[in-house]
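The values are calculated or read from the model by the stated rules, or taken from the named source; none is laboratory data. Remember, predicted model here, so these are calculated numbers, not experimental data. Please note: Cβ atoms are built from the backbone with ideal geometry, for glycine as well, and neighbour counts cover all protein chains shown. Just the protein is used for accessible areas: all its heavy atoms, side chains included, with ligands, DNA and RNA removed. Shrake-Rupley method; radii C 1.70, N 1.55, O 1.52, S 1.80 Å.
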Amino acid sequence: MIRMPLIAMLALPLAACGSGGPTVTATNASMAEVATKVAAANAGGDMIAPGRWEGSLKMHDLKMPNMDKLPPEMRRQMEARMAAGRGFVSCVTEEEIKKSKVFFGGGNARNNCRYDHYRMAGGKLDAAMNCSLPTGSMAMTMSGTYTPDSYHVETEAKSAGNGPVGSSAMTIDARRVGACRGTADENELMRRP
């Protein structure tokens, strides 16, 4: 199974059908329901290219409680690290594609999140999701472009409730770079590019 942060797992379905390929739409649907629709659209097994995928996740905006109370230098360092991004590497196998394990993950998020809408068609994705958290809720939007060999996703998330309230915006880019190499880095969660 590919091990990436939840947001990357939610975005990975973008590496599905290229323009002109199948359309996947859902309204008020669970992650499992959307995963089933994506798997059905992938019945031919040609929606995502197996191999080594390399990508990066860059945070553009992060608002956390009390962030404004941090010393200015510490805040600048955090912002610089976020802007630099984090990389990830994964080996996507044909077996994972056939079993639809590539498309969705995130553990308990499958049960706690619902898509308000999900549309994947013609090389574009548009989705909005709400998740219930132990301390409140999170709303997320995703938009992007994809081919069987690459994807680009923009996300925004906002949390509300009794716990820490904040928001974030990030970009995820990934592309297939060739065959899996069998190296240890191919299933790293995140690493510096």
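In region 161-179, the residue that is farthest from Ala128 (Cα to Cα) out of those that are open to solvent by less than 50 Å² (accessible area, probe 1.4 Å) and outside any strand (DSSP E or B) is Gly163. Among residues of region 166-178 that are farther than 13 Å from Val153 by Cβ, those with a Cβ under 6 angstrom from a residue that is aromatic (Phe, Trp, Tyr), sequence gap 6+ or separate chain, pair up as Arg176/Trp53.
Condition check ((1) open to solvent by less than 10 Å² (accessible area, probe 1.4 Å); (2) at pLDDT 90 or above; (3) assigned to a strand (DSSP E or B)) across all residues:
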position: Glu95; (1), (2), (3): no, no, no
position: Val102; (1), (2), (3): yes, no, no
position: Asn130; (1), (2), (3): no, yes, yes
position: Met138; (1), (2), (3): no, no, yes
position: Thr141; (1), (2), (3): no, yes, yes
position: His152; (1), (2), (3): no, yes, yes
position: Glu156; (1), (2), (3): no, yes, yes
position: Ser159; (1), (2), (3): no, no, yes
position: Leu189; (1), (2), (3): no, no, no
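From the set of residues in region 60-85 that are in a strand (DSSP E or B) and touching an Asp or Glu at 6+ places or on another chain (Cβ under 9 Å), which is modelled with the lowest pLDDT? Here the residue is Leu62.
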